[in-house]
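A.B. asks: After the structure tokens below, expect a handful of questions from me.
The values are calculated or read from the model by the stated rules, or taken from the named source; none is laboratory data. Only a predicted model underlies this, so the values are computations on that prediction, with no experimental measurement involved. Cβ placement follows ideal geometry from the backbone for every residue including glycine, while neighbour counts extend to all protein chains displayed. Note: areas computed on protein heavy atoms with side chains; ligands, DNA, RNA excluded. Shrake-Rupley method; radii C 1.70, N 1.55, O 1.52, S 1.80 Å.
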Amino acid sequence: MHNPPRMIRTTLALLFLSTTLSATTLSAATIPTPSEFLGIEIGADRKLADYKQITSYLRALDAASPRLEIEILGKTTLGEEMIMAVISSEENIRNKAKIRQTAKKLADPRGLSEGETEALIRDGKTIVLVTCNIHSTEIASSQMAMEWAHALVSATDEETKKRLDNVVLLLVPSLNPDGQKMVVDWYRKNVGTKFEGGRLPWLYHQYVGHDNNRDWYMLTQAETRAMNRAIYHEWFPQVFVDEHQMGTEGPRMFIPPFADPLDPDVHPLIWREVNVIGSNMAFRLEQKEKAGLIYGYAFDAYWLGGTRNTGWWKNITGLLLEIASARIATPIYVEPTELRGGSKGLVDYKATINHPNPWKGGWWRMRDIMDYGRIASDALHETASERREDLLRNIVTRARAAIASAKPGEAYRIPKQQHDWPTAQHLAWLMNEHNVEVFQAENGDYWIPLAQPYAKFVVEMMEPQRYPEVRLQAGKEILRPYDVASWTLPLQMGVTVERTTMPAGSQPRRVTEIKPEKKDVLRRVEKQRKPRVAIYKPWSASMDEGWTRWLLDTYGFAPKTLSPQEVRGVLPFDAIILPDVTKDVLATGKRKPSNGAMRYDEEMQPEYSGGLGEPGLEALKKFVENGGTLIAFSSATEYVMEHFNIPVRNALAEVKAEDFSNPGSLVRINIRPDHPVTAGMPATTAAFLDRAIAFETESPATDSQRWVLASYPADARDVLLSGWITGADRLTNKAAAVAVTLGKGRIVLFGFRPQHRGQTHATFPLVFNAVTWGMD
């Protein structure tokens, strides 16, 4: 991290001045608000500051105020500087290196005496990280961040001074700067038209869109890695708050406590601190007559994947805030009859103990979202100041408990002898990026001892999950997972890991830099012509398309994307991938509503509308018949089975939810050994499944061939490896992946996502092999 050059800082300071007044003599009254500085009314209807404007204002505050200093987190995927504003008292800013060192020692208290610990707690400061706008359409927090920063650097009251002296605030105005700019540009372009406030027809991130909040243990994206390094290698905050927005027709704001279930391996002090901080937020909001606050709603305390969630297993108290959305910066009017519950924690929209003051409907604006968020943020600052010693002492307690949870010498071993050593190296690299201590023996084995502060995180990542079945009433249905139910890294990555005891007297060396070797499957691919690969890119902004593109870009395949209008005529490719998109979106560009759901579908600009249609389908058929390979992931297989004459069907197409349910788990598949698509694969592996898809095949005509590439076990007890599933028997003896020939070409159907969120290294080779099949 570094600060802007002195010349730039000085130049920015001068922007504040209408006279020759020196920046060092600025009073609170002379520090302009963001509205004054940018020349637009921040928070007004249809007015937005983009990321460059936001950072220009925060840099100007840095230049003008000794209470704020900008740090550069790194570069975004598209090369934008990603910044964080460090806000505290002038003395704390001067002493930030010492404050960071104190936080580091408290986060890892090994070797500290009780006296030394208490001295550090007495002198230390609460470090609070607040991240905004990771989901770029959830725009209000990026605007609020400027107003909050201004208030803190210009305040003269004693209470704010005390908070600044007790707390170091790390304020990230956007965790997705590239997407923030995309959304603002799109919004501005459409203001005053019927498309005002409508969705983007592409992802608001170069690769992952909304899934950037699912990347916090795998660290595939530049933004995630940059923020992760600041948190776990440099600043070691005790509290992490991530500010989001949610739908328009329910409560106005979710504030923790979280809903059930929780992960019992997370230290209970985490939940107690979450509840203390969240309760004060709700208390202050209610005092300001902000209606519609809810807790214990929708968002559970079990899932590991999100920004602040990952910190729970690393002893950091993480909170999620969700505020009802407008149409970006365009106000909406919500009729009282449109307000509804329907989610976990609020079945009917009415007053309940966790929702005592329902919002009654009416106009809802971005300014409302900013005001709710600002009040909650100030309350966070208040609690972090008042509870400073508690927060510092508690992180020591949690770290020591994690260290003590290990048996003497207990560790995970990643042996050198692996089916896929480069991926094993990647796992060791990943643990090191999380600031987990990794050692390497002379024989090449990696060792991860469990007597370290992040032991709970290591265990959570290495061991299979079993989703806790919590029922609110006896005999009733369990509370369903908020997101996926499994994240076991060795299974997802196809790496052998052993939980064992380090040999007595062994002295492996600590490694802090690990560079994985090239995957074997890629070495094989390099021996032939690079395939010409295209990925279908619907106008509905498919995250799976983005993840597929990320995978192929990352590993050197340089795919081309095809919009619906581009799938016409002769398609000059070796392989075309249909990502996990429903058959209706593929065919028409519109989602088919579920039973009883509203059929309303907002109109898009003509150039961003439509699906493959008949011309696209005919082009794909000719592509296959003339020798191309068509590959379909998960839901897209339904489109192929319906429109191509192949002897494959989905045996679970009509299954009811009560008979089969799987929110996202790792399941066992058996691999056929003698096919180009499965070349180099082990006999069995884990696949990520979250759809009711399992294939049945039959013998084709003599002019065609079909292969079952992967199948589920014969015994239902062997299906689930990690996560939660009901109706596993529906998968037994069914095919998980199928290949067929048609004309001169080939079709490959994966009932699962072999590149799921960039995590499933175990099944990446299936994608690489599929796009090169037929090129021998």
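A.B. asks: About the Cα centre of the chain, what is the dipole size in debye to 20, counting +1 per Lys and Arg Cβ and -1 per Asp and Glu Cβ, all else neutral? Could you put the intermediate results ahead of the total?
C.D. replies: Numbers: 92 positive and 94 negative charges, 208 e Å.
So the magnitude is around 1000 debye.
A.B. asks: Using alpha carbons only, how many angstrom separate the centre of the stretch 353-381 from the centre of the stretch 89-115?
C.D. replies: About 35 Å separates the Cα centre of the stretch 353-381 from the one of the stretch 89-115.
A.B. asks: Please work out the FRET efficiency for the pair residue 389 and residue 354, using the Cβ-Cβ distance as r and a Förster radius of 25 Å; give the result to the nearest 0.05. Working shown, then result.
C.D. replies: On the way: r = 30 Å, r/R0 = 1.20.
The pair residue 389/residue 354 has a calculated efficiency of 0.25.
A.B. asks: Modelling each spin label as a point 7 Å along the Cα-to-Cβ direction, I'd like the residue 272/residue 523 distance in nm, to one decimal.
C.D. replies: A separation of 5.4 nm, rounded to one decimal place.
A.B. asks: With a 1.4 Å probe and every protein chain kept in, tell me what percent of the accessible surface of the chain is carbon plus sulfur. Each step should come with its number before you reach the end.
C.D. replies: On the way: 14950 of 30510 Å².
That share works out to 49 percent.
A.B. asks: At 7 Å along the Cα-to-beta-carbon direction for both residue 473 and residue 104, put a label point, then send me their distance in nm to one decimal.
C.D. replies: Roughly 5.5 nm, to one decimal.
A.B. asks: Farthest toward the dipole's positive end in the stretch 668-716, which of 709, 670, 686, given Cβ charges of +1 (Lys, Arg) and -1 (Asp, Glu) about the Cα centre?
C.D. replies: Positive-most Cα among the choices belongs to 686.
A.B. asks: Would you work out the charge dipole size for the stretch 296-396 about its Cα centre, treating the Cβ of every Lys and Arg as +1 and the Cβ of every Asp and Glu as -1, and quote it to the nearest 20 debye?
C.D. replies: Working: 13 positive and 12 negative charges, 35 e Å.
Computed charge dipole of the stretch 296-396: roughly 160 debye.
A.B. asks: Distance between Cα centroids, the stretch 423-489 to the stretch 543-587: provide it in whole Å.
C.D. replies: 32 Å
A.B. asks: Listed highest first by mean packing, meaning other Cβ atoms within 10 Å per residue, what order do 725-733, 170-178 come in? If you can, show how the numbers build up before the last one.
C.D. replies: Details: 725-733: 18.3, 170-178: 25.9.
Ranking the peptides 725-733, 170-178 by packing returns 170-178, 725-733.
A.B. asks: Please give the peptides 456-467, 304-315, 404-415 ranked by average Cβ packing (other Cβ atoms within 10 Å per residue), highest first, as a rough proxy for protection. Don't skip to the answer; put the middle values down first.
C.D. replies: Details: 456-467: 20.7, 304-315: 24.8, 404-415: 16.2.
The packing order, highest mean first, is 304-315, 456-467, 404-415.
A.B. asks: Between residue 496 and residue 625, how many nm apart are label points set 7 Å from Cα along the C-beta direction?
C.D. replies: 4.9 nm
A.B. asks: Please work out how much length the chain gains when fully extended from residue 417 to residue 598, using 0.36 nm per residue of separation minus the C-alpha to C-alpha distance, in nm with one decimal.
C.D. replies: 59.7 nm
A.B. asks: With +1 on each Lys and Arg Cβ and -1 on each Asp and Glu Cβ, and nothing else charged, work out how big the dipole of the stretch 377-509 is about its Cα centre, in Debye to the nearest 20.
C.D. replies: On the way: 15 positive and 17 negative charges, 76 e Å.
Dipole about the Cα centre, nearest 20: 360 debye.
A.B. asks: Return a whole-number percent for the relative contact order of the chain, with Cα pairs under 8 Å and 6 or more residues apart as the contact set. Don't skip to the end; give the middle numbers.
C.D. replies: Numbers: 1638 pairs, mean separation 83.4, N = 776.
Reported relative contact order: 11 percent.
A.B. asks: Place +1 on the Cβ of every Lys and Arg and -1 on the Cβ of every Asp and Glu in the chain, take the dipole about the Cα centre, and give the residue among 605, 472, 455 whose Cα lies farthest towards its positive end.
C.D. replies: Of the options given, the answer is 455.
A.B. asks: Could the peptides 493-505, 512-524 be put in order, highest first, of the mean number of other beta-carbon atoms found within 10 Å of their residues?
C.D. replies: Values: 493-505: 15.2, 512-524: 13.5.
Top of the packing list down: 493-505, 512-524.
A.B. asks: Let me ask another. How much length, in nm to one decimal, is gained on full extension between residue 683 and residue 714, taken as 0.36 nm per residue of separation minus their Cα-Cα distance? Let's see the in-between values first.
C.D. replies: Numbers: separation 31, 0.36 × 31 = 11.16 nm, distance 1.49 nm.
Result for the pair: 9.7 nm of gain on full extension.
A.B. asks: A follow-up question, please. Provide the gained length on full extension for the span residue 330 to residue 512, in nm with one decimal, where the gain is 0.36 nm per separating residue minus the Cα-Cα distance.
C.D. replies: Details: separation 182, 0.36 × 182 = 65.52 nm, distance 4.83 nm.
Result for the pair: 60.7 nm of gain on full extension.
A.B. asks: Run lengths n ≥ 4 of DSSP H only: what is the helix-derived mean residue ellipticity at 222 nm for the chain, with -39500 (n - 2.57) per run over all residues, to the nearest 500? Mind dumping the intermediate values first?
C.D. replies: Numbers: 23 runs with 243 residues, N = 776.
Mean residue ellipticity at 222 nm (helix-derived): -9500 deg cm²/dmol.
A.B. asks: Calculate how many DSSP beta bridges within the stretch 246-334 are antiparallel, expressed in % of all such bridges and rounded to the nearest 5. Can you show the working numbers first?
C.D. replies: Numbers: 3 of 8 bridges.
Rounded to the nearest five, the antiparallel share is 40 percent.
A.B. asks: Same structure, new question: Among 201, 280, 490, pick out the residue whose Cα is farthest towards the positive end of the charge dipole of the chain, where Lys and Arg carry +1 and Asp and Glu carry -1 on C-beta, about the Cα centre.
C.D. replies: 490
A.B. asks: Another question, if that's okay. Of all DSSP beta bridges in the chain, what percent run antiparallel (nearest 5)?
C.D. replies: Numbers: 57 of 96 bridges.
If I count the DSSP bridges inside the chain, around 60 percent turn out antiparallel.
A.B. asks: Turning to a different aspect of this structure: Hey, what's the chain come to in accessible area per residue, 1.4 Å probe, Å²? Write down the numbers at each step before the final one.
C.D. replies: Numbers: 30510 Å² over 776 residues.
On a per-residue basis, the chain sits at 39 Å².
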